[in-house]
Amino acid sequence: MLDTPTFEADWRLTPQRRAVLEVLESATDHPTAAEVFERVRVSAPGIGPATVYRTLALLVANGMALELSLGEGSSSRYDGNTARHDHLVCTSCGAASDIQSALPGELLEQITSRTGYALSHYDLQFHGLCPECQARRSPHQEEMNG
């Protein structure tokens, strides 16, 4: 993935930018920009936060990463997996996980015919409590919320 022509044609792949890309490609937890910065500093100690932020923007603009908005007021998160997939988002801790959940072709056709949109792509987010947050909820909280 590092040798993608579009990526290198648009801008030079410096060692610092390569380090940011490698962090994203190895991450499965959809890190924030601050988390990417902390991880990149391990392999590139001299890198500055501005370089990481600019690199993330360039990666997204070049289709090498996704920028995810996972809820109102939450920081953007980044995903090195650019293949079509959707996300599960915990409404309590903010954790995000990938899920494969392609919509049936018939449903996409219905949406197109009802709205008149020529759909090019879509992404879905499912929001709820992750297993860890469910386990932390006490039976007393369940009674109070129910």
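Points worth noting:
- Within region 9-34, the residues that satisfy the criterion of being within 14 Å of the chain's Cα centre (by Cα), part of a loop (DSSP other than H, G, I, E, B) and either surrounded by 13 or more Cβ atoms within 10 Å (Cβ to Cβ) or free of Cβ contacts under 8 Å to residues at least 24 places away in the same chain (or both) are ALA27, HIS30, PRO31.
- Selection within region 85-101 - assigned to a loop (DSSP other than H, G, I, E, B), touching a helix residue (DSSP H, G or I) at 6+ places or on another chain (Cβ under 9 Å) and open to solvent by less than 50 Å² (accessible area, probe 1.4 Å): ALA95
- Verdict on THR82 being surrounded by 10 or more Cβ atoms within 10 Å (Cβ to Cβ) and either at pLDDT below 95 or of a type outside the set (A, V, I, L, M) (or both): yes
- With respect to the conditions (1) modelled with pLDDT of 90 or more; (2) part of a loop (DSSP other than H, G, I, E, B); (3) buried (at least 16 other Cβ atoms within 10 Å of the Cβ), LEU58 falls short on a single one, namely (2).
- Odd one out for LEU88, checked against (1) touching a strand residue (DSSP E or B) at 6+ places or on another chain (Cβ under 7 Å); (2) at pLDDT 95 or above; (3) of a type in the set (A, V, I, L, M, F, W, C): (2)
- Of the residues making up region 56-78, one or more are closer than 14 Å to ALA27 by Cβ and among the basic types (Lys, Arg).
- ALA118 touching a helix residue (DSSP H, G or I) at 6+ places or on another chain (Cβ under 8 Å) and loosely packed, with under 15 Cβ neighbours inside 10 Å: yes
- Among the candidates THR112, THR51, the residue that is over 21 Å from HIS30 (Cβ atoms), surrounded by 11 or more Cβ atoms within 10 Å (Cβ to Cβ), at pLDDT 90 or above and among the β-branched types (Val, Ile, Thr) is uniquely THR112.
- Within region 121-146, the set of residues being open to solvent by less than 70 Å² (accessible area, probe 1.4 Å), at pLDDT below 90 and farther than 26 Å from ARG84 by Cα comprises just one member, SER138.
- Verdict on ASN81 being closer than 21 Å to GLU38 by Cα, within 16 Å of the chain's Cα centre (by Cα) and of a type outside the set (A, V, I, L, M): yes
The values are calculated or read from the model by the stated rules, or taken from the named source; none is laboratory data. As the structure is a computational prediction, the values presented were derived from the model and not from experiment. Note: ideal-geometry Cβ built from the backbone for every residue, glycine included; neighbour counts use all protein chains shown. Areas reflect the complete protein model, heavy atoms only, side chains present, ligands, DNA and RNA absent. Shrake-Rupley method; radii C 1.70, N 1.55, O 1.52, S 1.80 Å.
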